[in-house]
Amino acid sequence: LRGHRHLPADNRSWPVARIYAEATALAQDLLAEIGQPLLGVGVAVPGAVNGASEIVRAPNLPRLAGQRPAEQLAATLSIDDVLVENEANLGALARLWAAPSAGRDFVYVSGEIGVGAGVVVNGRLFRGVHGFAGELGHVVVDRNGPPCGCGGRGCVEQYAGQDVLVRTAGQRDLAGVEAAVQRENRRAIEAVEQAGAALGVGLSSLLNVIDVPMVVLGGLYSRLFETITPALTAELSRRVLSSRQATGQVRRSSLGIDAAVRGAAGLIVDRALTEPDRLLAAAGPTYRISASSGS
Ligand SMILES: [Zn+2]
């Protein structure tokens, strides 16, 4: 890792132009510090991204629907290669690339304001036809439950998303929940356990459909891993059919809040490895060579 910038922000109320402006400023600031040629830009977004790099749906950032961040950022950062992917999918890829021996079949669960999942089967990310695969946050726990930003009711996100968790725990933010759990505050612990149970119910449905043996918890769930896991695994062992054949594993992501960022950087590196001419192009015209195909 050559450089790193972290700008915590709740950008749900920001106009789209401000989101682009802040992201561009952050990237330019970091580039100025590193002073290295730029191979490409990977962008993680909390929404479904289709094959044309368009954000087709983002329930928690509805203003981003229909946006094409690759085009916007390519123009402002003056670079051709900008790749956009769902943040849970990138978290899953980061896990796959960082620890390939740890398993080729797993669900990476990203807990943020929204809840997403990246599904990896046989070492490959399963994106679905429209980029919607792994929308764990909108798997239904109770069909008559509270309304959700997606238009449905009783989705996992309404029980295990960050906003609900913080509110139920009687805290202002996630750091407050963590601190309260550390102090063994009963209300906070119960809120985390309730979130874990709901997540376990939703995750059971997903695991019963795709039959993979491992769950990797990322985002806020990795921060609250010890407290959330018992309630979650209790639901999994009760509901996941394959758990009668073999014990599934629930693991903590070691990449923390950097998972999606590392996955986004990995997208660019991965493409350069399959298309090495990109490396030479990024190094500058002096090193450019041309390749011809043999017969
Ligand atoms: Zn929903």
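The values are calculated or read from the model by the stated rules, or taken from the named source; none is laboratory data. Keep in mind that what you see is a predicted model, and the values were worked out from it rather than measured. In this analysis, Cβ positions are derived from the backbone assuming ideal geometry, glycine residues included, and neighbour counts consider all displayed protein chains.
Taken over the stretch 63-88, residues that are out of contact with any helix residue (DSSP H, G or I) (no Cβ under 9 Å at 6 or more places or on another chain) and closer than 21 Å to P15 by Cβ amount to 7. Among the residues of the stretch 105-125, those that are more than 15 Å from the ligand (Cβ to nearest atom) and in a loop (DSSP other than H, G, I, E, B) comprise D105, N122, G123. Please work out if C155 is at pLDDT below 95 and either surrounded by fewer than 17 Cβ atoms within 10 Å (Cβ to Cβ) or hydrophobic (A, V, I, L, M, F, W, C) (or both). Here the answer is no, as C155 does not meet what is asked. Here L165 meets each of (1) out of contact with any Ser or Thr (no Cβ under 9 Å at 6 or more places or on another chain); (2) part of a helix (DSSP H, G or I); (3) surrounded by fewer than 21 Cβ atoms within 10 Å (Cβ to Cβ) with one exception, condition (3).
I need the full set of residues from the stretch 136-168 which are near the ligand (Cβ under 9 Å from one of its atoms), closer than 18 Å to I228 by Cβ and among the small types (G, A, S), in order please. The answer is G137, and nothing else. Screening W97 with (1) touching a Ser or Thr at 6+ places or on another chain (Cβ under 6 Å); (2) more than 18 Å from N50 (Cα to Cα); (3) more than 16 Å from the ligand (Cβ to nearest atom) gives one miss only, at (1). Scanning the stretch 208-229 for residues that are in contact with a helix residue (DSSP H, G or I) (Cβ under 7 Å, 6 or more places away or on another chain), over 23 Å from R104 (Cβ atoms) and in a helix (DSSP H, G or I) turns up L220, R223, T227, I228.
Being among the aliphatic types (A, V, I, L, M) and out of contact with any Phe, Trp or Tyr (no Cβ under 9 Å at 6 or more places or on another chain) is true of V140. Taking the condition out of contact with any Cys (no Cβ under 8 Å at 6 or more places or on another chain) and farther than 21 Å from V43 by Cβ, does E157 pass? Spelling it out, it is not the case that E157 is out of contact with any Cys (no Cβ under 8 Å at 6 or more places or on another chain) and farther than 21 Å from V43 by Cβ.
Can you find, within the stretch 54-70, the residue that is nearest to the chain's Cα centre (by Cα) among those that are among the charged types (D, E, K, R) and outside any helix (DSSP H, G or I)? Working first, answer last.
Looking only at the stretch 54-70, we keep the residues that are among the charged types (D, E, K, R), and these are 54, 57, 63, 68.
Now drop any that are not outside any helix (DSSP H, G or I), which leaves 54, 57, 68.
On the way: E54: 17, R57: 15, R68: 18 Å.
Checking each candidate, the answer is R57.
Would you mind finding the one in N122, N89, N144, N50 that is touching a Gly at 6+ places or on another chain (Cβ under 6 Å), polar (S, T, N, Q) and surrounded by fewer than 18 Cβ atoms within 10 Å (Cβ to Cβ)? Walk me through it before giving the result.
Numbers: N122 fails: touching a Gly at 6+ places or on another chain (Cβ under 6 Å); N89 fails: surrounded by fewer than 18 Cβ atoms within 10 Å (Cβ to Cβ); N144 fails: touching a Gly at 6+ places or on another chain (Cβ under 6 Å).
Result: N50 is the single residue among N122, N89, N144, N50 that is touching a Gly at 6+ places or on another chain (Cβ under 6 Å), polar (S, T, N, Q) and surrounded by fewer than 18 Cβ atoms within 10 Å (Cβ to Cβ).
Given the structure, is V192 in contact with a Ser or Thr (Cβ under 7 Å, 6 or more places away or on another chain), among the hydrophobic types (A, V, I, L, M, F, W, C) and either more than 25 Å from D258 (Cα to Cα) or not in a loop (DSSP other than H, G, I, E, B) (or both)? It is true that V192 is in contact with a Ser or Thr (Cβ under 7 Å, 6 or more places away or on another chain), among the hydrophobic types (A, V, I, L, M, F, W, C) and either more than 25 Å from D258 (Cα to Cα) or not in a loop (DSSP other than H, G, I, E, B) (or both). Only one entry in R172, R187 is assigned to a helix (DSSP H, G or I), away from the ligand (no atom under 16 Å from the Cβ), without any contact (Cβ under 8 Å) to a residue 24 or more places away in the chain and not small (G, A, S), namely R187. When D142 is tested against the conditions (1) at pLDDT 95 or above; (2) outside any loop (DSSP other than H, G, I, E, B), the lone failure is (2).
Given the criteria modelled with pLDDT under 95 and away from the ligand (no atom under 15 Å from the Cβ), does G128 qualify?
Values: modelled with pLDDT under 95: yes; away from the ligand (no atom under 15 Å from the Cβ): yes.
Judged against the criteria, G128 is a match.
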